[in-house]
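Every number in this text was worked out from the coordinates using simple rules, so none of it is lab data. Since we're looking at a predicted model, the values are computed, not measured. Here the Cβ is made from the backbone with ideal geometry for all residues, glycine too, and neighbour counts use every protein chain on show.
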Amino acid sequence: MVLHTVNSSPTQSRCLEDCLQLIRPPAVLLLIEDGVYGATTAHQALLDQLPDEISCTVLQPDVDARGLRPLLSERFDLVDDNGFVELTMKCDRVQSWY
Amino acid sequence: MKFAIVVNGSPSSSQAAATALRFTEAALHQGVDVLRVFFYGESVLTANRLTHPPQDETNLTQRWQQLASDHDVELIVCIAAAVRRGVMDEREAKRYEHTADNLADGFELSGLGQLVDASIGADRVITFGGRA
Amino acid sequence: MSQIADLLLVLRHGPYGGLNAREGLDAALTAAAFEVPLSLLFLNDGIYLLQSDQQPGQLPAKDLSKTVPALAMYDIERLYVRSRDLEQRGMKPEQLVVEVEVLDDEQAANLFHQHRHILSF
């Protein structure tokens, strides 16, 4: 299983779109840093084609730092730093998109 | 489980050094064996001890130093990436005939081989990148 | 899915706009010098590293396209690009500075699953 992290805003960079073109199950998507803007409902359409079995997660400290909880899409689950470490252990390898 | 952590983004124009710090702390608290943190690219500026953010902001360099001393974690700074950006230990400063060095305690300059070695020895390798 | 090599290095940034591409290539050369089996994926803007006739001297910058052929001298034989990246940028494989294997999206996606670790640049 591959953990894909994305750290840049979808309106500033193509990171998320580039990642979505090559993410295949078994995989987990984790948005971090400015990447968390991609987890808001405003960008939900980007994820329309993503298979259901790819779980979409977003890093809680980055979400809360930006006050984004009310804007989050339902497709995303929050993970804290411990959850990030657990995902890293659960997945076999990590690709960082930045 | 063994982790190798690679930091690549600038401490001032990206969150890489801060996210990697929190990740490393969380990993250590979960009993993960952090083989090495390797600072590459712009992240080598994290090891500049002359960095002084305003008092009410976080000093990332000090936070990393604290983590290294609390948990005996190796903080390796790529020597080529560091020297080209003006981060030097005493030896490199002498080599380039500078009157001062600025590598923070707790960090160590070494070669890219340390990145390769940690990658091969680890169960997981994770990179914290900067801005495109 | 069978493993191809220990390391997959993913280079996603073009040359000269920053040091990312250069330092990614340096990491590849070092891993090869340590005889670690590896593959290199030039992805997205990373394929601009392979463009022929680069003349960065006037910037001034060191010509990175000269480093790319050196990869072969270090026995790095698995160089991959993605056909979609070439087409989007109006590039053709025969115009690149080295011979590469051109992959479709499925094949490129599989690479992430076929290496023990990924180093992302």
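Miscellaneous remarks
- Farthest toward positive dipole pole in the protein assembly as shown [+1 Lys/Arg, -1 Asp/Glu at C-beta], among C:Thr67, B:Thr127, B:Ala27: C:Thr67
- In summary, the convex hull built on the alpha carbon positions of the protein assembly as shown has an orientation-averaged projected area of 18.2 nm².
- Total charge dipole magnitude, the protein assembly as shown, about the Cα centre, Cβ charges on Lys, Arg, Asp, Glu only, Debye to nearest 20: 520 debye
- Phi angles across the stretch A:46-56 convert, under the Karplus curve 6.51 cos²θ - 1.76 cosθ + 1.60 with θ = phi - 60°, into 3J(HN,Hα) values of 4, 9, 3, 7, 6, x, 4, 6, 8, 7, 10 Hz, Gly and Pro given as x.
- Interchain or long-range residues, amide H under 5 Å from B:Val34's placed H: B:Phe3
- With R₀ set to 30 Å, the beta-carbon distance separating B:Asp72 from B:His52 gives a calculated FRET efficiency near 0.70.
- Percent antiparallel among DSSP beta bridges (both partners in the protein assembly as shown, rounded to 5): 5 percent
- Under 26 Å from the Cα of C:Lys66 - lysines, other chains or at least 8 residues apart: C:Lys92
- Where both bridge residues fall in chain A, DSSP classifies roughly 5% of the beta bridges as antiparallel.
- Diffusion coefficient of chain C by Stokes-Einstein, Kirkwood radius over Cα pairs, 37 °C, 0.692 mPa s: 228 µm²/s.
- DSSP-assigned coil residues among GluC sites (Glu not before Pro) in the stretch A:44-98, each with at most 11 further Cβ atoms within 10 Å: A:Glu53, A:Glu74
- Database remark: amide H of C:Leu103 closer than 5 angstrom to the amide H of C:Val81, C:Arg82, C:Ser83 (H placed geometrically; neighbours at sequence offset of 5 or more, or on other chains; Pro and chain starts carry no H).
- Computed helical MRE - 222 nm, chain B, DSSP H runs ≥ 4 contributing -39500 (n - 2.57), nearest 500: -10000 deg cm²/dmol
- Once backbone amide H atoms are built at 1.01 Å from N, A:Asp77 has A:Cys56, A:Thr57, A:Val58 as its partners under 5 Å, excluding neighbours fewer than 5 places away on the same chain.
- Between 0 and 90°, nearest 10: helix C:20-33 axis offset from chain C longest Cα axis: 50 degrees
- Whether the stretch B:2-128 is rounded, prolate or oblate, judged on the alpha carbon gyration tensor where a/c under 1.5 counts as rounded: oblate
- Rounded to 5, the percent of DSSP beta bridges in the stretch B:2-128 classed as antiparallel: 5 percent
- With semi-axes defined as the square roots of five times the eigenvalues of the C-alpha gyration tensor, the equivalent ellipsoid of chain A measures 18, 16, 12 Å, largest first.
- Residue by residue, the stretch A:10-18 carries 3J(HN,Hα) couplings of x, 8, 9, 8, 8, 3, 5, 4, 4 Hz when phi is fed to the Karplus relation 6.51 cos²θ - 1.76 cosθ + 1.60 (θ = phi - 60°); x denotes Gly or Pro.
- Here the 3J(HN,Hα) profile of the stretch C:45-57, calculated from phi with Karplus coefficients 6.51, -1.76 and 1.60 at θ = phi - 60°, is 5, x, 6, 5, 4, 9, 5, 6, 6, 6, 10, x, x Hz, Gly and Pro shown as x.
- Summing charges over neighbours of C:Val97, with a neighbour being any other residue whose Cβ is under 12 Å away from its Cβ, gives -3 when K and R count +1 and D and E count -1.
- Principal-axis analysis of the Cα atoms of chain B puts helix B:16-29 at an angle of about 40° to the longest axis.
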